[in-house]
1. Can you spot a residue in the range 366-385 that is of a type in the set (A, V, I, L, M, F, W, C), more than 23 Å from residue 299 (Cβ to Cβ) and modelled with pLDDT of 90 or more?
2. What is the one condition in (1) over 20 Å from residue 386 (Cβ atoms); (2) open to solvent by 10 Å² or more (accessible area, probe 1.4 Å); (3) of a type outside the set (Asp, Glu) that residue 302 does not satisfy?
3. Being surrounded by fewer than 21 Cβ atoms within 10 Å (Cβ to Cβ) and polar (S, T, N, Q) is the filter; apply it to the range 309-327 and report the residue that is farthest from residue 285 (Cα to Cα).
4. Here are 275, 256, 228, 287: which of them is farther than 26 Å from residue 395 by Cβ and either in contact with a Gly (Cβ under 8 Å, 6 or more places away or on another chain) or of a type in the set (Gly, Ala, Ser) (or both)?
5. Suppose we keep only residues that are farther than 19 Å from residue 165 by Cβ, among the hydrophobic types (A, V, I, L, M, F, W, C) and part of a helix (DSSP H, G or I) within the range 356-374. Which one would you say is most open to solvent (accessible area, probe 1.4 Å)?
6. Test residue 330 against the criterion of being surrounded by fewer than 18 Cβ atoms within 10 Å (Cβ to Cβ), part of a loop (DSSP other than H, G, I, E, B) and of a type in the set (Val, Ile, Thr), and give yes or no.
7. How many of the residues making up the range 126-181 are surrounded by 19 or more Cβ atoms within 10 Å (Cβ to Cβ) and basic (Lys, Arg)?
8. Could you check how many residues of the range 270-288 are open to solvent by 20 Å² or more (accessible area, probe 1.4 Å) and out of contact with any Ser or Thr (no Cβ under 6 Å at 6 or more places or on another chain)?
Amino acid sequence: MGKAISTPLLCQSKLFCFSFLYLFSSLFFALYFSFSSTKCIFRSSPFDPIQTPLFFYPSSYGEHKYGIPTLRSSCNSPIFFSDYWEVLKEIQEICRNSTALGSRSLKYMQRSADIFGGNFSVEKRFSYFDHPEDGREVPCGFFKRFPISNSDRIAMEKCEGVVVVSAIFNDHDKIRQPKGIGSKTLDYVCFFMFVDDVTLKGLNHHNLISRKSKEYKIGAWRVIRVSSNHLYENAAMNGVIPKYLIHRLFPSSKYSIWVDAKLQLVIDPLLLIHSLLIKDNVDMAISRHPYYVHTMEEAMATARWKKWWDVDELKTQMETYCEHGLQPWTPKKAYPTDVPDSALILRKHSMTTNLFSCLLFNELEAFNPRDQLPFAFVRDHMNPRVNLNMFDVEVFEQVAVEYRHNLKPGGPNVGPKIKKANSDLFANGSCSKCEKYLLKMWG
């Protein structure tokens, strides 16, 4: 008789085998979704047309160097795009009917001044937060001429529908082309990049433009030369003008997307406008900050990491807001955070959005171009309130690729280095005007 073949102990129990198989499968899928690059892809129609690259750069330019990777392990709130052709048709219909964006329009103060923004006092600025029905004039920059050519100005005024805007001053970033745009998008969306002479010189050095030309075009972007000698000394403050006064530079546009030059859009702007503004029926969409929820946290980080050197000015700014009612974030607020990541801003050019932009610009001119600091104060104190979508950081990370700024001798232009900056915003312990804020923030 032959020897009986014994079954391994591991396989004698069906329950054990099934348990082992389930454990192995679970581990496999867990690892797959943890490391998969498509875990937070935003689904759109598989038949959406995608264009080939819009521009080919010389290798010396390095437009794709120093990309910042995204390391988020989850995607809690993905957005889903509608069909490209349906979106295109709907936005065209809205833009043809201007009343869809609101019948009330904002009136702007007109006068001449030595400073572009008018340099208003605290009391004067805050007096415009409560906007009456009678259409009171609001200060909103342009108290001196914005120094661009007449041909560029005419092109900007003719841009109807959707405009995408960015800016590079002091050669701080690279011009990057949008990716993943539909075949008809460039017919209905304008792309404008504002640059100064320093940046223009760099573009000429890489043979991206000819200085002899009166108009500049690089791929999708029309490049607008700004004579910044006639504006602010600080390059970042000059960049604030197209960022927050976009509705004044493009008076015929119905929607806009501001894109910091450190970003590259990888989703069609029409799909973004439709999913983040139109479908949610909001005036403005902006990303939450990845780490902070309180304005004071951002102010302390601004001082600690020397994002703005004049710490005394930062302290004065925060005390001014605390004195006039700035409160730390709580779940009772109508918004998920007080601190945005303002590198990507989508706007419907409605009266309330335009008012918000004007009020915020006035605060930036009064103190510094760090736009996250006055954001919550303006948002919470203006009347009427802006209807705002503060979307998750993971959405921001999937619709745009972020790159590091250009490395420049002497570091970034972060304001007047009037003295050795103390990295602690409240180093002297004297902050009676913000004491209640800090105690409430720290519990």
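1. Kept after step one, since they are of a type in the set (A, V, I, L, M, F, W, C), are these residues of the range 366-385: 366-367, 373, 375-378, 382.
Subsequent filtering for residues that are more than 23 Å from residue 299 (Cβ to Cβ) retains none.
Scanning the range 366-385 turns up no residue that is of a type in the set (A, V, I, L, M, F, W, C), more than 23 Å from residue 299 (Cβ to Cβ) and modelled with pLDDT of 90 or more.
2. With respect to (1) over 20 Å from residue 386 (Cβ atoms); (2) open to solvent by 10 Å² or more (accessible area, probe 1.4 Å); (3) of a type outside the set (Asp, Glu), residue 302 is out only on (2).
3. 316
4. Values: 275 fails: farther than 26 Å from residue 395 by Cβ; 256 fails: farther than 26 Å from residue 395 by Cβ; 287 fails: farther than 26 Å from residue 395 by Cβ.
Of the residues listed, the single one that is farther than 26 Å from residue 395 by Cβ and either in contact with a Gly (Cβ under 8 Å, 6 or more places away or on another chain) or of a type in the set (Gly, Ala, Ser) (or both) is 228.
5. 366
6. Working: surrounded by fewer than 18 Cβ atoms within 10 Å (Cβ to Cβ): yes; part of a loop (DSSP other than H, G, I, E, B): yes; of a type in the set (Val, Ile, Thr): yes.
The answer is yes for residue 330.
7. Within the range 126-181, residues that are surrounded by 19 or more Cβ atoms within 10 Å (Cβ to Cβ) and basic (Lys, Arg) number 2.
8. 4
The values are calculated or read from the model by the stated rules, or taken from the named source; none is laboratory data. Model, not experiment: these values are computed from the prediction. All Cβ positions, glycine included, derive from the backbone under ideal geometry; neighbour counts span all protein chains shown. Surface areas here come from the heavy atoms of the whole protein model, side chains and all, with no ligands, DNA or RNA. Shrake-Rupley method; radii C 1.70, N 1.55, O 1.52, S 1.80 Å.
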